[in-house]
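See below for the structure under consideration.
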Amino acid sequence: MRNPFDLAPLADHLRARLTGFDGELAAEQFTGGQSNPTYLLRAGTHRYVLRRKPPGVLLPSAHAVEREYRVMQALAHSAVPVPRLHLLCEDTAVIGSAFYVMDYVEGRTFLDPSLPGLAPSQRAELYDEMNRVVAALHSVDLAAAGLSDFGRPGQYLKRQIERWTRQYRASETERIEAMERLIEWLPAHLPAADETTLVHGDFRIDNLIFHPHEPRVLAVLDWELSTLGHPLADFAYHVMTWRVTPEEFRGLKGHDLRALGIPEEDAYVRAYCKRTGRESLPDWDYYMAFNMFRMAAILQGILARALQGSAASAEAEQTGRLARPMADAGWRQVMRLAA
């Protein structure tokens, strides 16, 4: 394991708290994922997933596994599918950092949004299902779910720009000119319209588990960045896939979407609007620029952790080096707005 820990105290902790926990405990770290190390646990006939904060010095407010646990617990009976949760442990004496344990969900995961190996009709169905889930997420009744205090209502973009500027500065390893321009331009051109819903913060196809055979999402994962925020900023992050190339960051740009059976951006946006009762998405290119800036800051944080030796993934440095092209893509969105 890249981020190892002693299994004996963990086994004792789980045995005392999980009904039916038996057998010798074994752990295997999942590959991929850049933030919170995640492990498959096996004990007898049972399989669980453990997600922990990484070791080492962490950026302020980052790696919030406690928030992940709370939001998934709140969504357990909603239209947004999440894994069944078992426990949250904030005692760092057990494995060295806070963690939670949930069910292992058997299903399909996709890293490449072009979905190689599937038929066009299958791709269309999976994208429609993904659209349904993100619309359901932004339609969650906050009061009924007990999430009214999960973040501050209003001024989400202003606070996010300030937050990710701080995070970027804290992990900066070299000057990226496009980031400097975005840091100056974005807060000076905030959209006037504002609204608040639950937002995931990292809603991508590779953070979803699909049914093994059906076009159905079984679980939305990686809720670390979830909060109360602007749904269009959250949706634009998701749709950013259409605006970037595979080389820039797992994008669809450059693919023949019609041949693949994947909807064009406009069609995908229209489906979301229909599901959420919207006529249009104002300030759309601004939200795109913001999200590319935000993603560049996240990638820069991954690079900094890789250089410190505390990254969750073996490919972290390579991933982190995408911060520069992502920032360049963000500035291109600003130029598109100016044009």
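If you bin all the Cα-Cα distances of region 258-300 at 10 Å, starting from zero, the percentages per bin are 24, 36, 35, 6. Model label points for Arg216 and Ala338, set 7 angstrom from Cα along the Cα-to-Cβ axis, are 5.0 nm apart. Remark: spin-label model distance Ser121-Gln308 equals 5.1 nm, labels positioned 7 Å along the Cα→Cβ axis. Ranked for footprinting exposure by Cβ neighbours inside 10 Å, fewest first, Ser226, Ser121, Ser310 give Ser121, Ser310, Ser226.
Full extension of the chain between Gln318 and Ser139 gives 60.8 nm of extra length, using 0.36 nm per residue less the Cα-Cα distance. Relative to one another, the C-alpha centroids of region 180-194 and region 99-142 are positioned 31 Å apart. Working from Cα pairs under 8 Å separated by at least six residues, relative contact order for the chain is 20 percent. Amide H contacts of Ala219 (H built 1.01 Å from N, in plane; Pro and chain starts excluded): Ile209 sit under 5 Å, all sequence-distant by 5 or more or on other chains. When the chain is treated as a Gaussian network with alpha carbon springs shorter than 10 Å, the biggest mean-square fluctuation among Ala314, Ala259, Ala219 belongs to Ala259.
Inter-label distance, Asp194 to Ala170: 2.4 nm, where each label sits 7 Å from its Cα along the C-beta direction. Work out, in µm²/s and without decimals, the Stokes-Einstein translational diffusion coefficient of the chain at 37 °C, 0.692 mPa s, Rh from Kirkwood over C-alpha pairs. The Stokes-Einstein estimate is 158 µm²/s.
Please give the helix 156-171 orientation as an angle from the longest Cα principal axis of the chain, in degrees from 0 to 90, rounded to the nearest 10. Helix 156-171 and the main axis of the chain meet at about 70 degrees. The charge dipole of the chain, taken about the Cα centre with unit charges on the Cβ atoms of Lys, Arg (+1) and Asp, Glu (-1), comes to about 180 debye, rounded to the nearest 20. Assuming charge only on the beta carbon of Lys and Arg (+1) and of Asp and Glu (-1), the dipole of region 7-103 about its Cα centre is about 180 debye to the nearest 20. Extension gain for the segment Arg17 to Ser78, taken as residue separation times 0.36 nm less the Cα-Cα distance, is 19.4 nm to one decimal. Can you give me the angle between helix 65-74 and the longest principal axis of the chain, using Cα atoms only, in degrees from 0 to 90, rounded to the nearest 10? For helix 65-74, the angle is close to 80 degrees. Our coupling estimate for region 207-220, obtained by passing each phi through the Karplus curve with A = 6.51, B = -1.76, C = 1.60 and θ = phi - 60°, is 9, 10, 10, 9, 3, x, 10, 9, x, 9, 7, 8, 7, 9 Hz, Gly and Pro reported as x. Around the Cα centre of region 121-160, unit charges on the Cβ atoms of Lys, Arg, Asp and Glu (plus for the first two, minus for the last two) sum to a dipole of about 320 debye. By other beta-carbon atoms within 10 Å, ranking Asp222, Asp6 with the fewest at the front produces Asp6, Asp222. Computed per residue of the chain from DSSP H runs no shorter than four, each worth -39500 (n - 2.57), the mean residue ellipticity at 222 nm is -12500 deg cm²/dmol.
Positive end of the dipole of region 7-103 (Cβ unit charges, origin at the Cα centre): among Ala74, Leu41, Ala64, the Cα lying farthest that way belongs to Ala74.
Values quoted throughout were computed directly from the atomic coordinates according to the rules given, and no laboratory measurement underlies them. Keep in mind that what you see is a predicted model, and the values were worked out from it rather than measured. Methodologically, a virtual Cβ is constructed for each residue, glycine included, from the backbone with ideal geometry; neighbour enumeration extends over all protein chains shown.
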